1. Of the conditions (1) crowded, with 24+ Cβ neighbours inside 10 Å; (2) modelled with pLDDT under 90, A:Ala83 fails just one. Which one is it?
2. Every residue in region A:180-237 that is of a type in the set (Lys, Arg), more than 30 Å from A:Leu111 (Cβ to Cβ) and either surrounded by fewer than 15 Cβ atoms within 10 Å (Cβ to Cβ) or in contact with a Gly (Cβ under 6 Å, 6 or more places away or on another chain) (or both), please.
3. Output yes when any residue across region A:128-136 is surrounded by fewer than 23 Cβ atoms within 10 Å (Cβ to Cβ) and more than 30 Å from A:Arg193 (Cα to Cα), and no when none is.
4. If you go through region B:146-156, how many residues are touching a residue at least 40 places away in the same chain (Cβ under 8 Å) and over 15 Å from the mean Cα position of the chain (by Cα)?
5. Looking only at region A:147-157, decide whether some residue is away from chain B (no Cβ under 12 Å) and at pLDDT 90 or above.
6. Mind listing just one residue for me: the one in region A:12-46 that is of a type in the set (A, V, I, L, M) and in contact (Cβ under 8 Å) with a residue 40 or more places away in the chain and, of those, nearest to A:Val331 (Cα to Cα)?
7. Specify the residue that is nearest to B:Val272 (Cα to Cα); the eligible residues are those in region A:162-176 that are small (Gly, Ala, Ser) and either in contact with an Asp or Glu (Cβ under 9 Å, 6 or more places away or on another chain) or outside any loop (DSSP other than H, G, I, E, B) (or both).
8. Any chance you could count how many residues in region B:96-106 are at the interface with chain A (Cβ under 7 Å from one of its Cβ atoms) and in contact (Cβ under 8 Å) with a residue 24 or more places away in the chain?
Amino acid sequence: MKRGTRAPAFRRDSVAWELARATLVVLAIVGTTALLLFAGGYAVDSGLAALWRGSLGSWYAFTSATLVRAIPLMLTGVAVAIAFRAGVLNIGAEGQLLAGAAAGAAVALSLGSLPAAIVVVLALIASAVGGAGWAAIAAFLRSRFGVLEVISTIMLNFVALHAVSYLVRGPLQEPTHVYPQSSTIGEAIHLPRIIGAGRLHSGLLLALGICIVAGWVLRRTAAGFRLIAAGESPSAASSAGGIDVMATTTLTFLVSGALAGLAGGVEVLGVTFALYENISPGYGYAAIAVALLARLDPWRVVATALLFGGLEAGAGAMQRDAGVPSTLVTVIEAALILAVVAVGALRRRSSLPDTATSPITA
Amino acid sequence: MTDVVEPFLAATIRTAVPLALAALGELLVERTGLINIGLEGAILAGAFGALVGVSSHGVALGFMSAMAAGLIVGLLFIAFVVWARADQIITGTALTLLSMGATGTLYRAVYGSSGVALSIPTSAALPIPGLAGLPVVGPALFSQPPITYLVYLLAPALAWWLARTHAGLALRAIGDRPDAAEAAGIAVDRARALAVLFGGALGGLAGGTLVLAQAGTFAEGMSAGRGFIAIAIVALGRWTPIGVVGGALLFGAASALQFAFQAMGWNAPYQVFLAVPYLLTLAALAGAVGRTRAPASLGKALEPRR
């Protein structure tokens, strides 16, 4: 995000530099995990072995656990990344994901008479609209009343959770009214599986495509430039750049919500095939770590989402095989976010005297 | 009517006390220009700290360790935001996430993964002679655990301290013009650090109250957004201690409505009542803007270190 301001001799964008950085991050995560396992009195070797087995240890683990979890993390990660780039601190990806999942499930369950392919497309569109609609509440409160979006989006996360809880016990509950979940979505409306890759579904291609396009928009288009300018220096963007900052940030907020909502729709049509309360194990919160670690770049989000997908998958295996609480991943995520902001802040302090006005200089 | 009003009042106070504690702490933090979103994490850490303390040494030590746990979260916030000048919103969010992960992990590691229903000693009600006998309001207001009386004392004390002491004046100056305060010889960073520590300790106490004076047990994520609600209450209370207590009472009353409605036989999906505090927070934040003056430097990026 400081492209152009650094001395070219550093070559911060070079592939070798990127790889070195990625290796360092992976080593840091494994090291932190080992340290936490040790501190918690767990067997470090069997814990790490389970982490490996559950994430990368086999083709099945890689496709059906790691990649399946990377899909919602890519979508929510890119949602958070573009919002943060525009200076919108959208912490509400979790609620937007839930709203999208509910909207997608409702459409998929109610339009059974239409051709399957059309229903899939409509359900995905509905999930994006649902997520954008959920974000619109916070976007409106921000633009109209100046309500801090950090707080409003978190409040809306809780409201979304209770709304889904109501839906799966009320209007969307399965016909026997025994379980708090919706009916199962018919097999024809599932996202097609990727052949030879276990439970991996074609949502991966959608998520990858969106990350690539989003990165391209930010790098190469006028809209992307306006977004970044509005985030880095709102006053300069509006006075010198003639950019309508409020319109830009509001639109970005809605697109961010739409992408998080799409994550919910993809999850419903590709993994859970029904709506229920615990449909997301906190993807919307993990997305913050995914986005920050990717330095808010949609292309790098692909890599960090894979990393966190593997971490979540491995944590599941650690819980099953080594009895390590899976909440350990949340600790690692939080530690990573803190490390990223601290490194950014300390580097800024030691570098040029120009005080960055961007809220996040990760 | 008494059979509806009395439980309603009691429920109002019960919900308001932890919110008021957390919000009074955050009030001082915000008066120095910072926003500590990690307050949610401090409350959750306090709840877990209370569990650890009470199961070994009883209720009083439970409150002490709740405060200590909140202080740890405050210290981390100071290290990242005041010392390293990292972004305060992201840091606060990460600290909340850290607290959720750490308390969840420790709880499962120490007390078993399926969350055994722990039963722990709780802080008994301490009726105030005379006042507790008042009709209707007596039992609700004056037959409460001691922590409630702390709120009654703390709010006016803080109001006096902010308005009438040199230290209070200095604190307010920092929030409005940190650069001018620095130039006037006020140790801005130190004052901010102390305010954050105070806020962390009160956040921890709020969490301790949930465990020791109300639930009688710990559950993962039991802070349930109270830290964020408390931040909204600070704005609703217009950054004054008395206003903050009023805001907390308003929230308590709104949440207590569900008990009153149930007692009156009203029927609505229970999720509606569960969502009320969060919706009310949104309404409060929208309504609080414009009619009130926040500390001028609130939430702004900290000035570079000299």
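1. It is condition (2) that A:Ala83 fails.
2. Correct list: A:Arg219, A:Arg220.
3. Yes, region A:128-136 has at least one match.
4. So the count comes out to 1.
5. For region A:147-157, residues away from chain B (no Cβ under 12 Å) and at pLDDT 90 or above: absent.
6. Once the filter is applied, the top-ranked residue is A:Leu36.
7. Among residues in region A:162-176 that are small (Gly, Ala, Ser) and either in contact with an Asp or Glu (Cβ under 9 Å, 6 or more places away or on another chain) or outside any loop (DSSP other than H, G, I, E, B) (or both), the one nearest to B:Val272 (Cα to Cα) is A:Ala163.
8. 5
The values are calculated or read from the model by the stated rules, or taken from the named source; none is laboratory data. Worth saying up front: this structure is predicted, and the values here are computed from it rather than measured. Every residue, glycine as well, gets a Cβ built from its backbone with ideal geometry; the counts of neighbours run over all protein chains shown.
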